[in-house]
Every structure is written in structure tokens, then in C-alpha cells.
1. Accessible surface of MET76 in the full protein assembly, 1.4 angstrom probe, to the nearest 10 Å²?
2. Each label point is 7 Å from the Cα along the Cα-to-Cβ direction; what then is the distance between the points at CYS61 and GLU87, in nm?
3. Can you pull the semi-axes for the chain, root of five times each eigenvalue of the Cα gyration tensor, sorted largest first, whole Å?
4. Based on DSSP H runs of at least 4 residues, each adding -39500 (n - 2.57), what is the mean residue ellipticity at 222 nm of the chain after dividing by all its residues, to the nearest 500 deg cm²/dmol?
5. Would you mind getting the accessible area per residue of the chain, heavy atoms of the protein chains only, 1.4 Å probe, in Å²?
6. Net charge near LYS104, counting Lys/Arg +1 and Asp/Glu -1 over other residues with Cβ under 11 Å of its Cβ?
7. If I stretch the segment between ASN113 and VAL49 completely, what's the gain in nm (0.36 nm per residue apart, minus their alpha carbon distance), one decimal?
8. Just to be sure I understand the model, the point goes 7 Å from the Cα along the line to the Cβ. What's the resulting LYS22 to ARG105 distance in nm?
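The values are calculated or read from the model by the stated rules, or taken from the named source; none is laboratory data. Just so you know, these numbers come straight off a predicted model, no measurement behind them. Neighbour counts are summed over all protein chains in view; Cβ atoms, including those assigned to glycine, are modelled from backbone coordinates with ideal geometry. Protein only, heavy atoms only, side chains kept; ligands, DNA and RNA dropped before computing areas. Shrake-Rupley method; radii C 1.70, N 1.55, O 1.52, S 1.80 Å.
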Amino acid sequence: MDEVRQEAASLPTKEQVLEALKVVYDPEIPVNVVDLGLVYDVEVHENGVVDVTMTLTAIGCPAQDMVKADAEMAVMRLPGVQGVNVEFVWTPPWTPEKMTEEGKRMLRMFGFNV
């Protein structure tokens, strides 16, 4: 029982995973994937595997492989993570309304009207 508690304590929280993902950027938009609202869900499993469900701003985005690799690397840096699965979904589709207030603020700084 103590082993299970100790292992769980060494795993990152969902919030820590989201914070780690803030180094991942859409190459065409100067805002990270979390503040863009592209990360739909994060699940941290007891075995140290982290599942990230996310989307992109457009289906068929040519940067999908790069964003996936960047997300995997960012999460793998967290202590206790043994593996990362990034799954792209297209439902619900991304819209600017999914952005955080910080993401909208950053886009306005770059002259976007959001």
C-alpha cells in the first residue's frame, strides 16, 4: 500500500503536465498549445504513462508531427513519466473561443483581433 502511495506521489499532476505543455507552440501562431485551447484532456496513469488528447487549429495541419513530438518531449521531461501518448481528435473542432484569456491577450499583442 505504501509503495502505491509513494509511486502516485512521484507522478506529475494534470496541472504539472499542462504547465510542461506550455513550451509547445503552434508554428504559425505565437501562442502555446495550452493557452490556444488545443489541449482537451490529460490523464496520468499509475504506471507513469500520460495520455494527452488534443487538437490542432485545422485538420490536415502540416505541423501535426512536429507538435506531437514537441508535446511528447515536453511531458517526458517530468519526473515519474514513463511514456506519453498524444492523440489528435477533431471533435469538437477548435475555435478561438477555446483559448484562455492569456492566449487571447498574447494574440492581441501580435495584432490579432480576438
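1. Looks like 80 Å² after rounding.
2. Simple spin-label model gives 1.8 nm for this pair.
3. Equivalent ellipsoid semi-axes, largest first: 28, 14, 12 Å.
4. Mean residue ellipticity, 222 nm, calculated: -9500 deg cm²/dmol.
5. On a per-residue basis, 60 Å².
6. -1
7. 19.2 nm
8. Once both label points are built, they end up 1.1 nm from each other.
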